[in-house]
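Engineer: I am attaching a structure below and will ask some questions about it afterwards.
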Amino acid sequence: MIMRHTTGTLFAGMVAIAAIATANPAFAQDGQGGNRPGSQGGSQDRAVTIQPYIEVSQILTAQLSPESDTLTFTQVAAGVDTNIQGRNSGASVSVRYERNIGYGDDAVDTDTVSGIARGYLSIIPQNLTLQAGALASRTRVDGGGAVSANPLVSDDATNQIYSVYVGPDFQTRAGPLEIAGNARVGYNRFEANDAVFNSAGEQVDVFDDSTTYSGRLAVGTRPGDVLPIGVAVSAGGFQEDVSNLDQRVRDVFVRGDVTIPVSPTLALVGGVGYEDVEVSSRDAVRDIDGNPVFGDDGRLITDTASDRLIAFEVDGLLWDAGILWRPSSRTSLEARVGRRYDSTTYYGTFTYVPSERSSFAVNVYDGISGFGGVLGNSLSQLSSDFEAQRNPLSGDFGGLVQSDDGVGIINPLGSIRSSAFRGRGIAASYQQRIGRLNASIGAGYDRRSFIAPQDSVLASVDGLVDESYYVTGALSRDIGRSGTIAANAYASLFETSGDPNGDLTAFGASAAYSRAIAGRLSARAAVAVDYFDSEFSDEDFATATALLGLRYDF
């Protein structure tokens, strides 16, 4: 099990993901799962970019409200951006260590490790592929548990989110049958030194860590191979074990699907099967007055001797039906409506890639998991060939990546509550390259309905709904031969039914300019404004930040 030394472990994991992409350049493989293998030529077709760097900057932060204050500190950072793409392997890694050194008796020095990595390695060409990913991100936690992925550069870096996963993808043929499957194991963690309270002064049980397991196996035929229609049978499962109150989310299914061609570009799809879904937990340790007991880390202490309590249970029929539309290799739509979790479900995807310079994608989702399951799923859906978009002042990864496959978004963090939930929402992204100009934007809506046993300490959480609206964008352009200008912006709205004063609005923007001055040495300047309006406090927080510094690329 991954223990408290999470930062070092995640850093090692990101390095390992880059390492596997260089392991075996001899084979070729078809792309799948967001991977983009290169051509079928020799090893000279491999593209390797490894860019380590160091930065030294001076930062001035001016608090504009609720009162005026100024902070000055020195920022020292080291990192590496790696992109390795071969015929049978690929990986993108962006990892950064940063230390902010404050001045004065009240200064707080902070250390931050942030990064994102995705990679794959073909073990058996065209049959067996190993997939892996890792994420480390600094966050800002508001009263009531709302989480923002864009903390102020001067915030104490005590809140960190980590996620890592690994597992194989398998595909082969047996006559007309296509056989495919995958398996994943992941670990997710949220580290916070301070307890979180809502506006009523009640302590919020925040997510600690979880381990996830998932797998799926499908066997089927395409339309026209054996029958005029396509037929498939699949089975799979997902389980998340959350440390808080020994929560467990278990979802297993078996189903059959058909694909009925209507035209060369349009098909009707549908499926029916059986599902067994259960969410359960244990109760908390209680004092002599019957009150739940919190540990030193601000989380409820689990009563391991208590019976397991059922929060949600469904055992029965599932079904869905929809359309599959692929008018060209650049456009694809799949949309389904049906019944799952004993209620109506909607989900689907749409992608449009008119050229190598432009892409648009929409994803509608519905599922039951804990906080960690959402992180791992978002991470696994990213391409392994991307460029991470970072805040030019804080260096934080804000959840947006650019790639030739389009924009990737890490699902909104929303609330950091420990309880499992049903998450439904929509995410959209757009990317455009015009000459030297690169632009990308991601936006979406996320709704989480929390699930907890009625006779447990978390009974008050059952049925609560948290909603997040978010948009984030990035823009960059080369200026001449040695200059680059970049801009980032974000906005998010968090609303919760569990606390009348738990809503949070956050938005900000930043701009940066860098210019080579001597060889690999460059100078950079950046400015940013950030605004947080929390109903938890009567005061709004607004800051302006400026940076001047040097960067050396090795």
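Here, each number is a calculation from the coordinates, and none is a lab measurement. The structure displayed is predicted, hence computed values, not measured ones. Glycine also receives a Cβ, built like all others from the backbone with ideal geometry; neighbour counts cover every protein chain displayed.
Engineer: Ranking Ile323, Ile451 by Cβ neighbours within 10 Å, fewest first, what do you get? Intermediate results must be reported in sequence, preceding the final value.
Structural biologist: Details: Ile323 15, Ile451 23.
Ordered by Cβ neighbours within 10 Å, fewest first: Ile323, Ile451.
Engineer: At 7 Å along the Cα-to-beta-carbon direction for both Leu130 and Thr72, put a label point, then send me their distance in nm to one decimal.
Structural biologist: 5.1 nm
Engineer: I need the calculated FRET efficiency for the pair Ile260 and Phe507, taking r as the beta carbon distance and R₀ as 35 Å, to the nearest 0.05.
Structural biologist: FRET efficiency, Ile260 to Phe507: 0.15.
Engineer: While we're here: Please give the length that would be gained between Tyr445 and Arg481 if that part of the chain were fully extended, namely 0.36 nm times their separation in residues minus their C-alpha to C-alpha distance (nm, one decimal). Let's see the in-between values first.
Structural biologist: Values: separation 36, 0.36 × 36 = 12.96 nm, distance 3.99 nm.
Full extension of this stretch gives 9.0 nm more.
Engineer: Taking the Cα centroid of the stretch 333-358 and of the stretch 227-260, what is the distance between the two, rounded to the nearest whole Å?
Structural biologist: The stretch 333-358 and the stretch 227-260 have Cα centres separated by 17 Å.
Engineer: What are the ³J(HN,Hα) couplings of the stretch 205-211, residue after residue, when phi is run through the Karplus curve with 6.51, -1.76, 1.60 and θ = phi - 60°? Round to Hz, x for glycine and proline.
Structural biologist: 7, 8, 4, 9, 8, 8, 10
Engineer: Among Thr129, Thr331, Thr82, Thr70, what is the fewest-to-most ranking by other Cβ atoms within 10 Å? Intermediate results must be reported in sequence, preceding the final value.
Structural biologist: Values: Thr129 26, Thr331 15, Thr82 23, Thr70 9.
Sorted ascending by nearby Cβ count, the order is Thr70, Thr331, Thr82, Thr129.
Engineer: While we're looking at this one, here's another question. Sort the following peptides by mean Cβ neighbour count (other Cβ atoms within 10 Å, averaged over residues), highest first: 235-243, 432-440. Write out the running numbers ahead of the final one.
Structural biologist: Numbers: 235-243: 19.1, 432-440: 15.0.
Top of the packing list down: 235-243, 432-440.
Engineer: Using amide H atoms built 1.01 Å from N in the peptide plane, name the residues 5+ places from Asp81, or on other chains, whose amide H lies under 5 Å from its own.
Structural biologist: Under 5 Å from the amide H of Asp81: Gln51.
Engineer: Let me ask you something else. Check which residues have an amide H placed less than 5 Å from Phe312's amide H, if you skip close sequence neighbours.
Structural biologist: For Phe312, whose amide H was placed from the backbone, the distant partners under 5 Å are Val279.
Engineer: Could I ask something else about it? With r defined as the distance between the Cβ atoms of Ile229 and Ala523 and R0 fixed at 60 Å, what FRET efficiency is calculated, to the nearest 0.05? Mind dumping the intermediate values first?
Structural biologist: Details: r = 63 Å, r/R0 = 1.06.
Computed FRET efficiency for Ile229 and Ala523 comes out at 0.40.
Engineer: Spin-label point model (7 Å from Cα, Cβ direction): what's the Ser343 to Ile288 distance in nm?
Structural biologist: 4.3 nm
Engineer: Based on the mean of other Cβ atoms within 10 Å per residue, sort peptides 465-473, 376-384, 218-226, 169-177 so the most packed one is first. Working shown, then result.
Structural biologist: Values: 465-473: 20.4, 376-384: 22.4, 218-226: 15.3, 169-177: 13.0.
Ranking, from highest mean packing down: 376-384, 465-473, 218-226, 169-177.
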